[in-house]
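A quick write-up on the structure given underneath.
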Amino acid sequence: MPSRRSPRWSRIERDARETYGELIAGIDEVGRGPLAGPVVACAVIMPADARAIPGVDDSKRLAPDAREALALRIRERALALALGAASAREIDRLNIYRATTLAMRRALARLERLGRVPDHVIVDGRLIRTLGVSHTAVVGGDGKCYAVACASIVAKVTRDRLMRRLAQRYPGYAWEQNSGYGTPAHIAALDALGATPHHRRSFCVKQ
């Protein structure tokens, strides 16, 4: 689906730079809803003195080919970029909210290990008490804030690639097409083949 509007540097991001400093990290996650696979978070610092990459938008609004191309450009231009994930087992043990926070904290920790400690963080969604860093939360941030949109694209591309690789090891669930989401084909395969180690047992329990 073509982008409706490409986020530019938003007023939220400009205000954050004026208040906290130039190194503003956008962070977003992908994979809260699927029946299988990890939740993946990306934290990215884009250069404040560079124009926004044309076409960047909420990853859900972009066609797969556009996401792949944009993810490459984002990686090339980013001052620093890091990924974090939480496995299906961790999701079952912690619950999806806490596992998502864990994935975000891992991404931020890796960003800091790269030597780029952000002056401030902008997160898609609501405030997260346990995130461990000062941050601004923006509901729908992946469609409003450029750095968050960049993070959403890289997280989505990374997770989709992972699910395609897992599909080769566990054929029959069509993960290469559904990325682990509960499509009719996936649910039918789950009934016929049973759960894999990458299924979220707490998501697959029949009601």
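Rule-based calculations on the coordinates, nothing more; no lab input. These numbers were taken from a predicted model, which means no experiment stands behind them. Here the Cβ is made from the backbone with ideal geometry for all residues, glycine too, and neighbour counts use every protein chain on show.
Computed over Cα pairs, the Kirkwood radius of the chain leads via Stokes-Einstein (0.692 mPa s, 37 °C) to a diffusion coefficient of 190 µm² per second. Taking a label point 7 Å from the Cα of GLU112 along the Cα→Cβ vector, which residues of segment 69-91 have an amide N closer than 17 Å to it? Output list for this probe position: 80-85. Here is how the number arises for the chain: DSSP H runs of 4 or more residues each give -39500 (n - 2.57), the sum is divided by the residue count, and the result at 222 nm is -13500 deg cm²/dmol.
Using only the C-alpha atoms, the convex hull of segment 37-87 corresponds to 86 Å³ per residue. P(r) tail, segment 35-131: Cα-Cα pairs separated by more than 18 Å, 55% of all pairs. Along the Cα-to-C-beta direction of ARG126, a point sits 7 Å from the Cα; which residues of segment 77-100 have their amide N less than 18 Å from that point? Within reach of a label on ARG126, which here means backbone N under 18 Å from a point 7 Å along Cα→Cβ, segment 77-100 contributes 95-100. Fully extending the segment from ARG17 to GLU176 would add 53.3 nm, taking 0.36 nm per residue of separation and subtracting the current Cα-Cα distance.
Give me the angle, in degrees from 0 to 90, between the Cα long axis of helix 11-20 and the longest principal axis of the Cα atoms of the chain, rounded to the nearest 10. Computed tilt is about 60 degrees. Enter the Cα centre distance for the pair segment 24-69 and segment 137-185, rounded to the nearest angstrom. One Cα centre to the other: 10 Å.
Spread over its residues, the convex hull of the C-alpha atoms of segment 81-176 is 118 Å³ per residue.
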